[in-house]
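The structure appears below as structure tokens.
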Amino acid sequence: MTLMKKLLGAAAAVAVTAGTAFAEPALIFDLGGKFDKSFNEAAFNGATRWAGEFGKSFLEIELQSEAQREQALRRFAEAGANPVITTGFAFATPVEAVAPDYPDTKFVNIDGWMPEVPPNVQLINFQEHQGSYLVGMLAAMASKTGTVGFIGGMDIPLIRHFGCGYAQGAKAVNPDIKIVANMTGTTPAAWNDPVKGSELTKAQIAQGADVVYAAAGGTGVGVLQTAADEGILSIGVDSNQNHLHSGKVLTSMLKRVDVAVYNAMKDGENLDTGGFTTLGLAEDGVGWALDEHNESLISAEMKRDVNKARDAIIAGDLEVTAYYTNDSCPVHEF
Amino acid sequence: MEKMPHWADIVLIPLISLFLAAILSALVILAIGENPWAAFKLMVDGALMRSSGWGYTLYYATNFMFTGLAVAVAFHARMFNIGGEGQAMLGGLGVAYVCLFIPWPHWSLALIGASLGAAMFGALWALIPAYLQAKRGSHIVITTIMFNFIAAAVLNYFLVNVLRPPRSMDPATKTFPDATHLPSFRDMFSTAETIMFRGAPANVTFFIALAACVLVWFLIWRTKLGYEIRAFGHSESGAKYAGISPVRITVISMLISGALAGLMSVNTTMGESERLVLNSTEGAGFIGIAVALMGRSHPFGVFLAAILFGFLYQGGAELALWTNIPRELIVVIQALVILFTGALDNMVRMPLEKLFLALRKKGDA
């Protein structure tokens with residue numbers, strides 16, 4: 001079997017280098033790497049699910065260098081891959097530059113922002129503040145000390161956007177709640193620094209926090225670990241991370257990158273492009289995770305209140321302010 | 001008497017080192033169940049058999065030439081400049097300021113301006129460790145490597161707080177104006193019928209790197225200053241006795257070194273991304289050390305070694321694109337080459353010297 005696989009792999013490689021076009025989708029992971037247990041891994045899971053369900057395969061690459069961004073986009077486009085999906089905001093500029101050269105190829109970028117979206121590009125954004133609002137409510141309800149923590153990865157507007165929704169949710173439950181927020185760093189290295197995540201968690205515990213929300217990619221692994229070790233609750237992000245420390249992770253703020261990737265691959269060449277796709281609570285693009293690992297932590301009352309808020313947000317009765325609206329958060333200073 | 005002929009020193013040793021690295025890499029690839037021969041062919045096909053592959057190989061090589069020359073110049077004054085990375089980062093800042101805030105009428109003028117900016121910022125960043133070494137005796141290895149961290153933090157501050165356009169997530173500047181667009185190899189070598197170097201980032205900066213190789217050669221072996229640098233490198237006390245000021249040579253050679261490292265950013269920042277991104281240097285400052293070691297601190301050697309490392313980078317990218325070899329193992333392969341050609345020099349050299357001595361004895365007898 002493995003030999004067969006190897007031979008097929010070699011044949012595929014030869015076919016590709018010979019320039020044969022075949023419409024496989026391609027997935028390009030950002031420099032953070034695909035097994036971060038969070039954002040990139042969610043994308044990988046979505047692609048794997050698509051491949052399993054339809055019995056197809058996809059091309060993928062983990063980047064090593066900045067110059068490879070355009071290179072990977074171009075090579076996959078030239079090899080006939082369609083659509084070419086990229087994860088992370090850093091791809092916005094390269095995709096914007098490459099897309100016009102390959103009008104027949106469709107490109108997808110998750111989390112990015114462009115002033116003008118080329119006709120063959122789809123930008124996928126998530127309403128992270130809505131999901132964060134819900135887990136903020138849960139955090140405030142679960143907190144006994146009246147202090148909740150937030151640990152962000154890299155200090156960028158996107159992560160403040162997470163934190164701002166979280167703070168609004170917590171304040172909605174308990175207007176007097178104290179919110180401790182820290183960012184891991186200001187460079188992409190902050191996405192993958194579990195040791196620093198652990199230190200920040202300890203610092204927040206010392207300030208009284210008994211629930212911490214990690215919106216920090218791979219750094220969050222250290223946050224969840226320390227929270228479990230120190231006997232407080234944590235909240236995971238992007239993927240469902242409840243299982244990492246069963247019974248000690250209050251919930252996870254789901255950002256369904258996997259669904260976005262799955263849908264993009266399923267639509268294939270018929271993908272809608274030329275604009276933004278925004279996935280919020282209504283589209284199940286964001287949400288909170290409830291499974292066998294955390295059901296003992298979520299009381300019926302908590303569940304009721306959160307689902308009520310969810311319905312109110314979807315119906316438009318409850319407005320969660322986005323950090324982007326005026327680059328500041330109404331309830332917390334980041 | 002020399003232990004072995006000159007050609008063996010500069011040709012045979014690197015080749016044998018490379019060969020050993022290749023064997024070990026092949027074993028590593030074999031161990032994870034891939035075919036090393038197919039992988040090697042893929043690397044060669046992707047890096048050397050297509051013009052766009054060459055475009056990437058030469059793009060990386062341009063970076064390594066600048067940083068390799070930077071390390072080599074400092075080597076001649078017997079200083080170990082590990083700060084190429086930081087000097088290049090600051091050089092990038094210089095390029096960004098020159099390109100963003102001066103309205104250039106034509107790319108050629110912008111190129112001169114950006115080169116001066118990059119060289120000046122890089123040189124200034126090297127000046128502080130140089131001064132500390134010359135006047136205070138703080139070891140240059142320690143200070144330059146610490147200055148890499150300071151440079152990263154400085155760059156980070158400017159990108160996050162000063163130069164980032166509003167609403168952007170990426171800690172990067174906005175795209176430089178069109179007038180600063182450097183002609184890429186595609187612009188230069190494509191004819192109406194055939195497009196060469198499609199999409200590849202190699203650009204006119206490559207020729208600046210070539211010119212830098214020639215100038216460094218001229219400086220080190222054909223000028224009074226170069227003679228002083230070499231004399232100082234061979235023996236500080238001897239140089240002092242001959243009336244050469246150690247402070248002057250230390251500072252000047254580090255300024256040149258820093259300027260060369262800074263020039264690398266013209267290639268990455270102005271030539272490739274056309275905006276300053278956070279990790280535009282990507283370790284090229286450190287690769288420069290291996291390039292200088294392998295090139296025996298001679299500009300021509302640096303040129304060849306830079307091409308080799310460019311091939312490894314571009315070949316590695318091809319492996320990542322079309323095989324299941326994980327990127328960590330691609331780094332392992334690149335590291336093995338650095339280890340063998342840079343660090344384990346004596347492992348090959350000593351047996352070879354013995355062999356040549358034995359051969360010579362036989363010849364004499």
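The values are calculated or read from the model by the stated rules, or taken from the named source; none is laboratory data. Since we're looking at a predicted model, the values are computed, not measured. Heads up, the Cβs are rebuilt from the backbone with ideal geometry, glycines too, and the neighbour counts pull from every protein chain shown.
From the set of residues in the stretch B:192-201 that are more than 17 Å from A:P94 (Cβ to Cβ) and not β-branched (V, I, T), which is surrounded by the most Cβ atoms within 10 Å (Cβ to Cβ)?
Only one residue tops the list, namely B:F197.
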Which numbered condition B:P103 fails, given (1) within 30 Å of B:F218 (Cβ to Cβ); (2) of a type outside the set (K, R); (3) more than 18 Å from the chain's Cα centre (by Cα): (1)
Qualifying residue in the stretch B:314-326 (condition: surrounded by 21 or more Cβ atoms within 10 Å (Cβ to Cβ), more than 10 Å from chain A (Cβ to nearest Cβ) and in a helix (DSSP H, G or I)): yes
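When you check B:A209 against the structure, is it facing chain A (nearest Cβ under 10 Å), within 20 Å of B:A126 (Cα to Cα), part of a helix (DSSP H, G or I) and hydrophobic (A, V, I, L, M, F, W, C), yes or no? Write out each step before concluding.
Values: facing chain A (nearest Cβ under 10 Å): no; within 20 Å of B:A126 (Cα to Cα): yes; part of a helix (DSSP H, G or I): yes; hydrophobic (A, V, I, L, M, F, W, C): yes.
Criteria not met by B:A209.
Any idea which residue in the stretch B:279-298 is surrounded by the fewest Cβ atoms within 10 Å (Cβ to Cβ), counting only those that are more than 12 Å from chain A (Cβ to nearest Cβ) and at pLDDT below 90?
So in the stretch B:279-298, the residues more than 12 Å from chain A (Cβ to nearest Cβ) come out as B:285-286, B:288-298.
Next, only the ones that are at pLDDT below 90 stay: B:290, B:293-296.
Values: B:A290: 24, B:L293: 22, B:M294: 26, B:G295: 27, B:R296: 17.
Filtering the stretch B:279-298 for residues that are more than 12 Å from chain A (Cβ to nearest Cβ) and at pLDDT below 90, the one surrounded by the fewest Cβ atoms within 10 Å (Cβ to Cβ) comes out as B:R296.
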Helices (runs of 4 or more DSSP H) within the stretch A:134-240 that include 1 or more residues of a type in the set (D, E) and either within 14 Å of another protein chain (Cβ to nearest Cβ) or farther than 25 Å from A:I313 by Cβ (or both): A:194-206, A:220-230
Residue tally, condition surrounded by fewer than 19 Cβ atoms within 10 Å (Cβ to Cβ), touching a residue at least 40 places away in the same chain (Cβ under 8 Å) and either part of a loop (DSSP other than H, G, I, E, B) or away from chain A (no Cβ under 12 Å) (or both), over the stretch B:155-188: 6
Unique residue being over 30 Å from A:V306 (Cβ atoms) and small (G, A, S) when the list is A:S143, A:S57, A:S132: A:S57
So A:A47, is it in contact with a Leu (Cβ under 7 Å, 6 or more places away or on another chain), away from chain B (no Cβ under 13 Å) and closer than 13 Å to A:P25 by Cβ: yes
Residue in the stretch B:22-52 that is farthest from B:A317 (Cα to Cα), counting only those that are at the interface with chain A (Cβ under 10 Å from one of its Cβ atoms) and small (G, A, S): B:G33
Flag if A:A90 is crowded, with 23+ Cβ neighbours inside 10 Å, in contact with a Pro (Cβ under 9 Å, 6 or more places away or on another chain) and either part of a loop (DSSP other than H, G, I, E, B) or in the same structural domain as A:I159 (by TED's automatic domain parsing) (or both): no
Residues that are assigned to a loop (DSSP other than H, G, I, E, B) and out of contact with any Phe, Trp or Tyr (no Cβ under 8 Å at 6 or more places or on another chain), drawn from the stretch B:282-298: B:E282, B:G283, B:R296
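Each row is one residue, and each column tells you yes or no for (1) of a type in the set (G, A, S); (2) over 30 Å from B:S184 (Cα atoms); (3) within 22 Å of the chain's Cα centre (by Cα).
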residue	(1), (2), (3)
B:F206	no, no, yes
B:A211	yes, no, yes
B:L215	no, no, yes
B:L219	no, no, yes
B:L225	no, yes, no
B:A231	yes, yes, no
B:I244	no, yes, no
Index of the failed condition, B:F300 passing every other in (1) touching a Leu at 6+ places or on another chain (Cβ under 9 Å); (2) under 21 Å from B:A261 (Cβ atoms): (1)
Test: residue in the stretch B:113-121 that is more than 20 Å from the chain's Cα centre (by Cα), surrounded by 14 or more Cβ atoms within 10 Å (Cβ to Cβ) and modelled with pLDDT of 95 or more: yes
Tally, over the stretch A:246-304, of residues that are assigned to a loop (DSSP other than H, G, I, E, B) and of a type in the set (G, A, S): 9
When residues of the stretch A:99-108 are limited to those that are among the hydrophobic types (A, V, I, L, M, F, W, C) and buried (at least 24 other Cβ atoms within 10 Å of the Cβ), the one nearest to the other protein chains (Cβ to nearest Cβ): A:F107
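Do we find that B:G301 is more than 11 Å from chain A (Cβ to nearest Cβ), of a type in the set (G, A, S), out of contact with any Asp or Glu (no Cβ under 7 Å at 6 or more places or on another chain) and in a helix (DSSP H, G or I) in this structure?
Yes; evaluated as a whole, the condition is true for this residue.
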Which numbered condition A:L250 misses (of (1) free of Cβ contacts under 8 Å to residues at least 12 places away in the same chain; (2) under 30 Å from A:D229 (Cβ atoms)): (1)
Residue in the stretch A:298-315 that is buried (at least 19 other Cβ atoms within 10 Å of the Cβ) and modelled with pLDDT under 90 present: no
From A:V117, A:V84, residue being surrounded by 24 or more Cβ atoms within 10 Å (Cβ to Cβ) and within 30 Å of B:P166 (Cα to Cα): A:V84
Filter result for the condition that a residue is within 14 Å of another protein chain (Cβ to nearest Cβ), over 17 Å from the mean Cα position of the chain (by Cα) and not aliphatic (A, V, I, L, M), over A:T273, A:T325, A:T321: A:T325
Residues located in the stretch B:233-258, provided they are in contact (Cβ under 8 Å) with a residue 40 or more places away in the chain and hydrophobic (A, V, I, L, M, F, W, C): B:V247, B:I249, B:V251, B:M254, B:L255, B:I256
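So which residues in the stretch A:52-87 are part of a helix (DSSP H, G or I) and within 14 Å of chain B (Cβ to nearest Cβ)?
Those that are part of a helix (DSSP H, G or I) and within 14 Å of chain B (Cβ to nearest Cβ): A:Q68, A:R69, A:E70, A:Q71, A:A72, A:L73, A:R74, A:R75, A:F76, A:A77, A:E78.
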Out of A:V121, A:V95, sole residue that is of a type outside the set (G, A, S) and touching a Leu at 6+ places or on another chain (Cβ under 7 Å): A:V95
